[in-house]
Amino acid sequence: MRTTEKGELGGLEILVVEDDADSRGFLARLLQDCGARVTTAADGAEAIQAASTGSYDLVLTDLRMPEVDGLQLLQSIRRLALATHVIVITAYGDCDSFTGAMDLGADAFVHKPFTVGQILEVIRSAMARVA
């Protein structure tokens, strides 16, 4: 596993949306250790509320969540803040989910399990693109 450099995410505002508490906590700690300011949400509805009252550079969201899933969240994010980058993560990805996410404007689609190096590279790549 590759080590991360403190501050490599340069103070980005990131919203982590994950219904699994352990995964949500892991991602939040990882991103904070890399210099990001992180807000977490346990589901899509909570994330929509956070996005409507805050400003985020990046939303990192699980695909499958109860009530409001990652694709519905992505649609809402696009309506609220077009400049926000969105990365969809899932353990259940299929071709239709990938196509749907990309058609809705996701910056990337990441399959679980992923390594620390992989998720950080995807984030850096997404943030390098102009929103």
### Message
Residues that are small (G, A, S), in a strand (DSSP E or B) and either under 26 Å from E8 (Cβ atoms) or at pLDDT 95 or above (or both): does segment 68-85 have at least one?
### Response
no
### Query
So T39 clears everything in (1) assigned to a helix (DSSP H, G or I); (2) modelled with pLDDT of 95 or more; (3) buried (at least 16 other Cβ atoms within 10 Å of the Cβ) except one condition, right? Which one?
(1)
### Query
Are any of the residues in segment 10-19 over 14 Å from the mean Cα position of the chain (by Cα) and either buried (at least 22 other Cβ atoms within 10 Å of the Cβ) or modelled with pLDDT under 95 (or both)?
yes
### Test set (1) in contact with a strand residue (DSSP E or B) (Cβ under 7 Å, 6 or more places away or on another chain); (2) surrounded by fewer than 18 Cβ atoms within 10 Å (Cβ to Cβ); (3) modelled with pLDDT of 95 or more; (4) under 15 Å from S76 (Cα atoms) - Q32 fails condition number
(4)
### Task
Would you be able to say whether some residue in segment 90-107 is over 24 Å from E8 (Cβ atoms), among the hydroxyl-bearing types (S, T, Y) and without any contact (Cβ under 8 Å) to a residue 24 or more places away in the chain?
yes
### Message
For the condition in contact with a helix residue (DSSP H, G or I) (Cβ under 6 Å, 6 or more places away or on another chain) and either hydroxyl-bearing (S, T, Y) or surrounded by 18 or more Cβ atoms within 10 Å (Cβ to Cβ) (or both), what is the one hit in T61, T53?
### Response
T61
### Task
Would you mind finding the one in R79, R64, R24, R37 that is more than 14 Å from the chain's Cα centre (by Cα) and among the basic types (K, R)?
R79
### Message
I'd like the full set of residues that are over 11 Å from the mean Cα position of the chain (by Cα) and either of a type in the set (F, W, Y) or not in a helix (DSSP H, G or I) (or both), limited to segment 42-61.
### Response
A42, D43, G54, S55
### Message
Can you tell me which of (1) closer than 19 Å to M127 by Cβ; (2) crowded, with 17+ Cβ neighbours inside 10 Å; (3) touching a Gly at 6+ places or on another chain (Cβ under 8 Å) is the one L71 doesn't meet?
### Response
(1)
### Task
Take segment 105-114 and flag every residue that is touching a helix residue (DSSP H, G or I) at 6+ places or on another chain (Cβ under 9 Å) and either assigned to a loop (DSSP other than H, G, I, E, B) or among the acidic types (D, E) (or both).
G105, A106, D107, K112, F114
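The values are calculated or read from the model by the stated rules, or taken from the named source; none is laboratory data. A quick note: this is a predicted structure, and the numbers were derived from the prediction, not measured. Ideal geometry is used to build each Cβ from the backbone, glycine not excepted, and the neighbour counts take in all protein chains shown.
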